[in-house]
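Beneath this line is the structure, given in structure tokens, with notes to follow.
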Amino acid sequence: MSTEPSRPEGLSRPEGRGRLVVVATPIGNLGDLSPRARQALAEATVVCCEDTRRTRALLAASGVAAPRLVSLHRDNERRRIPEVLGWLAQGAEV
């Protein structure tokens, strides 16, 4: 049985296409990370985050092996967007 949520007919993800998942992370207590958020981070090929140091600490505290972490914030988002789109086109979970 698949843990992937069912999609309405005609909205399935094309083969070879990646998936962009937006995950809310706790600001204060690292223990507030939800199980679904933890799973999404553990399954990611690349994690785009504002501060890689804080995200690395969050992943470590949650027992998640750190995937590739890439900074993405308002000062570099224009440069990063083509890179993120490229990863998605290659089938990455971002």
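The values are calculated or read from the model by the stated rules, or taken from the named source; none is laboratory data. Quick caveat: nothing in here was measured; it's all calculated off a predicted structure. All Cβ positions, glycine included, derive from the backbone under ideal geometry; neighbour counts span all protein chains shown. For accessibility, only protein heavy atoms count, side chains too; no ligands or nucleic acids. Shrake-Rupley method; radii C 1.70, N 1.55, O 1.52, S 1.80 Å.
Okay, here's what the table says:
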read-out	value
Filter result for Asp75 (open to solvent by less than 50 Å² (accessible area, probe 1.4 Å) and modelled with pLDDT of 90 or more)	no
Residues of segment 66-82 satisfying the condition of being closer than 22 Å to Ala42 by Cβ and without any contact (Cβ under 8 Å) to a residue 24 or more places away in the chain	Ala66, Arg68, Leu69, Ser71
Among the residues listed as Pro35, Pro26, the single one being surrounded by 10 or more Cβ atoms within 10 Å (Cβ to Cβ), within 16 Å of the chain's Cα centre (by Cα) and at pLDDT below 95	Pro26
